[in-house]
1. Which lysines does Lys31 reach when only Cα atoms under 20 Å apart count, and residues fewer than 8 places away in its own chain are ignored?
2. When Rg is the radius of gyration of the Cα atoms in the range 161-215 and Rh is its Kirkwood radius, what does Rg/Rh come to?
3. Mean shadow of the chain, computed from the convex hull of its alpha carbons, in nm²?
4. List the lysines whose Cα sits under 19 Å from the Cα of Lys157, skipping any in the same chain fewer than 8 residues away.
5. Starting from the range 10-94, pick out the trypsin sites (Lys or Arg not before Pro) whose DSSP state is loop and whose Cβ has at most 16 other Cβ atoms within 10 Å.
6. How many percent of DSSP beta bridges within the range 180-270 run antiparallel, rounded to 5?
7. Semi-axes of the equivalent ellipsoid for the range 141-281, please: Cα gyration tensor eigenvalues, times 5, square-rooted, ordered largest first, whole Å.
8. By how many degrees, 0 to 90 and rounded to 10, does the Cα axis of helix 44-60 deviate from the longest principal axis of the chain?
Amino acid sequence: MSILIDGKALAAEMRAQLCERVKNFKIEHGKEIGLAVVLVGEDPASQVYVRNKIRACEEVGIRSYAYRLPESATQEEVEMLIDELVASDHIHGILVQLPLPKHLNERKLLRRIPPAKDVDGFCAENVGNLAMNRETIVACTPFGAMKMLEKYGIDPKGKRAVVLGRSNIVGKPMAMLLLNADATVTVCHSKTENLKEICASADILVVAIGKAKFVTADMVKDGAVVIDVGMDRDENGKLCGDVDFEDVKDKASYITPVPGGVGPMTITMLLYNTVQTAERS
Ligand code: GUN
């Protein structure tokens, strides 16, 4: 059995540290740190994520402002809301939960959030800084994955890292973080040839494709570190990851479980990014 990377425990440890920073901010500035969360529509997964984010804010003392707009909200309505949040002194971070309903122009909406309030690290300036290995706000899920590696003393330097998935939210920033940490990085996706062989060559394998139990033991090198970003449902409707945990657990040296792995860290890094933007404001 490999060593379980306990995201829940690390998240709790980091949240305790964040509580202190939140308290100090209040003492120094005489106001709370504020995070605005915008949810448009009724996507059930997004509703759960947003609820968890708001609960996590409460836990560390960050004031959350939740805006739930109907599926029918227009581009202008959402833009007006974002503009108000940008102008507010009480709001230090703005998060627009994705995916947005199809009729909305995601790119145009996100562009209204200035880099200094972009707690998701999605805007071009923050992504550009990451690409150039400069200090910046980093997307929460890959940032959390890097913190987990660090906590367990896993140094990517010189290692062969394979990232399965090329999304803007996880795959691409994950690849850049690993590259910045001196790994040799390969990004695989749905059009990749010889996918199994490439995955099986990885010392560090990060999987973020949204396909239940896609990665099996034959795709994992003996002793590899496996980071599972998936949040899927198996054939019985049970929460599982993109990695077939039971199949892979004896082959990997370290592995993240689902639930209790990357998930709690994603939310913790959102809190971390919010505290960072507040302290810099
Ligand atoms: N949808 C899925 N993951 C994320 C995330 O990290 N941030 C936002 N804003 N939306 C998401």
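1. Within reach: Lys23, Lys117.
2. Using Cα coordinates only, the ratio equals 0.93.
3. Convex hull of Cα atoms, orientation-averaged projection: 14.5 nm².
4. By straight Cα distance, Lys157 reaches Lys147, Lys172, Lys221.
5. Sparse-neighbourhood loop trypsin sites (Lys or Arg not before Pro): Lys31.
6. 20
7. With the √(5λ) rule applied to the range 141-281, the semi-axes are 23, 18, 14 Å.
8. With rounding to tens, the tilt is 70 degrees.
Computed from the coordinates by the stated procedures, all read-outs in this text should not be read as laboratory data. Keep in mind that this is a model prediction, so the values were computed, not measured. Note: ideal-geometry Cβ built from the backbone for every residue, glycine included; neighbour counts use all protein chains shown.
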